[in-house]
Amino acid sequence: MLYRTLTTQQSLKISGFTTYSIATFNTPCAFHHSKKQFHTFKPVAKKGRALLVTEYFLPHWTGISQAFFYLAQNLKKQGYAVTVLTTQFNTSLPLTEKVKGIETIRSPYQLRISRTHYSFSLLIRYIKMLPSYDWVIINSPNSNILFLSLLAKLFGKKLAIYHQGDLTLPRQTGNIAMHKVMEYIFDALSIPSFLLADVTSTYTRDYAAHSRVMKHALHTFRAYIPDFVPSRGSATAPFAKKNGNA
């Protein structure tokens with residue numbers, strides 16, 4: 001599966017500012033402009049408990065899981081009690097552990113479709129955990145997104161969805177008709193979930209406006225860019241050679 005990264009029409013400066021943080025959802029807060037005219041969050045004392053749900057988390061190190069990890073770290077730094085519920089995509093991984101200070105709970109998967117590890121047991125664990133949390137934050141794309149969203153609202157929880165890409169499958173190779181059906185299913189599950197959410201979030205409003213699923217819920221949109229953590233190490237030999245730095 002290929003998750004499409006939506007292009008933005010405006011340039012972004014990553015360093016030197018903090019964008020709107022989705023950690024500010026349910027608390028009284030104040031925003032002010034910095035000298036560089038970027039928005040920063042002025043935290044308040046009272047914090048809540050946030051349950052972050054994602055199909056992949058560390059040590060699965062893709063851009064989607066990496067961004068969600070930085071989001072979890074940001075919430076924790078602001079004083080939130082953060083727990084990540086994810087899939088045990090590798091059976092060698094422990095079911096519970098602290099990953100770089102983030103409490104992480106993994107549910108074994110029962111079915112694998114393409115690169116997706118589907119876990120029915122994650123939904124059961126999710127239902128048991130819901131009463132203890134104030135906020136549910138879903139990392140999208142997520143194959144369980146509609147079930148997770150409906151259950152969060154049935155339990156009276158605040159719901160946020162952090163979206164990192166629409167599903168776009170190849171048009172030149174494979175079963176084209178099946179690819180279109182899968183994209184339709186993705187949209188049919190995602191759009192109602194975004195409409196249920198109290199907050200929908202991604203990197204920029206432009207990104208959201210050009211998403212097939214996010215454009216329907218722009219009235220709840222908040223921009224959020226995870227903290228950028230540049231590598232301090234030197235380039236690996238193959239990378240340096242490829243880029244002419246060897």
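Pull up region 175-230, narrow it to residues that are of a type in the set (S, T, N, Q), part of a loop (DSSP other than H, G, I, E, B) and surrounded by 16 or more Cβ atoms within 10 Å (Cβ to Cβ), then point me to the one that is modelled with the lowest pLDDT.
Thr204
For Tyr70, state whether it is hydroxyl-bearing (Ser, Thr, Tyr), over 26 Å from Leu154 (Cα atoms) and assigned to a helix (DSSP H, G or I).
Against the criterion (hydroxyl-bearing (Ser, Thr, Tyr), over 26 Å from Leu154 (Cα atoms) and assigned to a helix (DSSP H, G or I)), Tyr70 qualifies.
Collect the residues in region 75-105 that are surrounded by fewer than 20 Cβ atoms within 10 Å (Cβ to Cβ), under 16 Å from the mean Cα position of the chain (by Cα) and in a helix (DSSP H, G or I), keeping them in residue-number order.
Scanning region 75-105 gives a single hit, Lys76.
Of all strands (runs of 3 or more DSSP E) completely enclosed by region 110-170, which ones contain at least 1 residues that are buried (at least 16 other Cβ atoms within 10 Å of the Cβ)?
116-118, 135-140, 158-163
Can you name the residue in region 35-74 that is surrounded by 14 or more Cβ atoms within 10 Å (Cβ to Cβ) and over 22 Å from Arg106 (Cβ atoms) and, of all such residues, is modelled with the highest pLDDT?
Result: Gly48.
The values are calculated or read from the model by the stated rules, or taken from the named source; none is laboratory data. Here the structure is a predicted model, which means the values were calculated and not measured. Don't worry about glycine lacking a Cβ; one is built from the backbone with ideal geometry, like all the others, and counts go over all protein chains shown.
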